[in-house]
1. May I ask you to list the residues in the range 91-147 that are within 16 Å of ligand 1 (Cβ to nearest atom) and not polar (S, T, N, Q)?
2. If you check Gly226 against the conditions, is it at pLDDT below 95, open to solvent by 10 Å² or more (accessible area, probe 1.4 Å) and within 14 Å of ligand 1 (Cβ to nearest atom)?
3. State all residues of the range 90-124 that are under 17 Å from the mean Cα position of the chain (by Cα) and in a loop (DSSP other than H, G, I, E, B); if no residue qualifies, say none.
4. Scan the range 196-209 and give yes if some residue there is more than 16 Å from ligand 1 (Cβ to nearest atom), under 25 Å from Cys121 (Cα atoms), of a type outside the set (A, V, I, L, M, F, W, C) and over 20 Å from the mean Cα position of the chain (by Cα), otherwise no.
5. How many residues does the range 293-311 contain that are part of a strand (DSSP E or B), away from ligand 1 (no atom under 11 Å from the Cβ) and touching a helix residue (DSSP H, G or I) at 6+ places or on another chain (Cβ under 7 Å)?
6. Quick one: in the range 176-200, which of the residues that are modelled with pLDDT under 95 and in contact with a helix residue (DSSP H, G or I) (Cβ under 9 Å, 6 or more places away or on another chain) is least open to solvent (accessible area, probe 1.4 Å)?
7. Could you list, in sequence order, the residues of the range 237-246 that are away from ligand 1 (no atom under 13 Å from the Cβ) and more than 11 Å from the chain's Cα centre (by Cα)?
8. Do we find a residue being aliphatic (A, V, I, L, M), out of contact with any strand residue (DSSP E or B) (no Cβ under 9 Å at 6 or more places or on another chain) and either buried (at least 17 other Cβ atoms within 10 Å of the Cβ) or not assigned by TED's automatic domain parsing to the domain that holds Gln236 (or both) anywhere in the range 122-143?
Amino acid sequence: MGEAPAFFAHDLKEGFLNGFGLKSKGCETATVICNKTYLVDGGCDGLLLSFQVQIFDHFKGTPIKPVVLGTIPNSCKGHSAIALNEDCILFIKGGSPLDDAFWFLEVDTPYVQEQRKSLGCEVVAWSKGVRGTVEKPIVVSGPSGVGKGTLISMLMKEFPSLFGFSVSHTTRSPRNMEKDGLHYHFTERSVMEKDIKEGKFLEFASVHGNLYGTSVEAVEVVADAGKRCILDIDVQGARSVRASSLDAIFIFICPPSMAELEKRLRARGTETEEQILKRLRNAEAEIKEGESSGIFDHFLFNDNLEECYLSLKKLLGIDGSVNTCTESISEDLDLPPIVHSVSRIDNKIIISYRTSDLNNESQKMIVLDLSSIKGGAPGRTRGLEAYAIDSVTNGSTMINQIS
Ligand SMILES: Nc1ncnc2c1ncn2[C@@H]1O[C@H](COP(=O)(O)OP(=O)(O)OP(=O)(O)O)[C@@H](O)[C@H]1O
Ligand SMILES: Nc1nc2c(ncn2[C@@H]2O[C@H](COP(=O)(O)O)[C@@H](O)[C@H]2O)c(=O)[nH]1
């Protein structure tokens, strides 16, 4: 049956003695998982809460400020928290729109364990809950000049509401028509290296002499727009994403021949002779690795562009026969208000609250079904289902039945 909810932030306006030697102004949630208590926020002055995280290790007896990865939720006036599966805490932001109401703080998931090892300190990672059935991200790789960008542009042009491009960071200079923030985030090497050290990148690689990388934020922005994310990255990057917790499909685009690849690179006219030769040398190794590494789920030959594009659409189920990404999310639910309580039954989270008008006081509930969730940090937790249970007038019978 259900688990005890954590403190409710809104109930603690006067502050409380949290027993951890931490100065509390109130407004925290304190969630215990194994031998640790996760205190979230505490920065409340009766105004907005800013979702800062502190960990209290029961054995060590000292508070720890962890490295916090992922986008931190925006402030709100009250939240509740409930532990899930000993590795994650679900936060419900009161009074926030439904597309910003549900957040997961991963505290011991495989991704967090890996980051903890590589950064050598305590790590937690935020991941926003996204409702509905957005499909897995798509990783597209292949040698330079094979036509990845061309195929992705065609897809985005034909299906602007289904797909979103993950805008990478790079240290290479912009080409004539390239716009910062649209084609790439053009950046200084030192800045990018610092961000990499701070865990802001899902993957990165040195490609043709420059640094390229996908920030966690680049993937999150697309998921937040309710779109399926497309990553155009090299084989090293694809290998890193394969090893990460981003559950994606991996497509490798092959050229019809090396001669044709060279022709396309030269015809594009964006690289110097020296760079073209370097890209062609790297292409041979990339193709070998792409074909033999076991990273890729699908291989497409880009000989005739239209035929290759049709094959890509078929593969993605958008060639006219099936449309996998169109399920709309009903927005007819009330927002969870600031004052609410939360409990859990198996994979269902029950958020209950009271509403009243002139004649009636009623108990309402939103049920959050976690049974189909996918993904998680880095990125977003997709596949949340939320629905309302009708109100019960003048009493709390419904709540008692459930909890
Ligand atoms: N099937 C095709 N037949 C002929 N030309 C093509 C075909 N596909 C793409 N091209 C052309 O080849 C050139 C390289 O394509 P594109 O820039 O899309 O490659 P890319 O794989 O994204 O390269 P990079 O990895 O360097 O960004 C472009 O000028 C494009 O118009
Ligand atoms: N590992 C990553 N590789 C990336 C990323 N963004 C782009 N790329 C790859 O770099 C080459 C060259 O791109 P270009 O725009 O300079 O021609 C190409 O193979 C891209 O797929 C990234 O974020 N990570």
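The values are calculated or read from the model by the stated rules, or taken from the named source; none is laboratory data. Keep in mind that this is a model prediction, so the values were computed, not measured. We place every Cβ from the backbone using ideal geometry, glycine too, and count neighbours over all the protein chains shown. Note: areas computed on protein heavy atoms with side chains; ligands, DNA, RNA excluded. Shrake-Rupley method; radii C 1.70, N 1.55, O 1.52, S 1.80 Å.
1. Here is the first cut: in the range 91-147, the ones within 16 Å of ligand 1 (Cβ to nearest atom) are 138-147.
Ile138, Val139, Val140, Gly142, Pro143, Gly145, Val146, Gly147, listed by residue number.
2. Details: at pLDDT below 95: yes; open to solvent by 10 Å² or more (accessible area, probe 1.4 Å): yes; within 14 Å of ligand 1 (Cβ to nearest atom): no.
No: the conditions fail for Gly226.
3. Ala101, Val107, Asp108, Thr109
4. No, that holds for no residue.
5. Taking the range 293-311 and keeping what is part of a strand (DSSP E or B), we get 298-301.
The next check asks that each one be away from ligand 1 (no atom under 11 Å from the Cβ); those that pass are 298-299.
Remaining after also requiring touching a helix residue (DSSP H, G or I) at 6+ places or on another chain (Cβ under 7 Å): 298.
Qualifying residue count for the region: 1.
6. Gly199
7. At the first step, the residues of the range 237-246 found to be away from ligand 1 (no atom under 13 Å from the Cβ) are 239-246.
Listed by number, the residues that qualify are Arg239, Ser240, Val241, Arg242, Ala243, Ser244.
8. To start, the set of residues in the range 122-143 that are aliphatic (A, V, I, L, M) comprises 123-125, 130, 134, 138-140.
When the remaining residues are screened for being out of contact with any strand residue (DSSP E or B) (no Cβ under 9 Å at 6 or more places or on another chain), the result is none.
No, every residue in the range 122-143 fails to be aliphatic (A, V, I, L, M), out of contact with any strand residue (DSSP E or B) (no Cβ under 9 Å at 6 or more places or on another chain) and either buried (at least 17 other Cβ atoms within 10 Å of the Cβ) or not assigned by TED's automatic domain parsing to the domain that holds Gln236 (or both).
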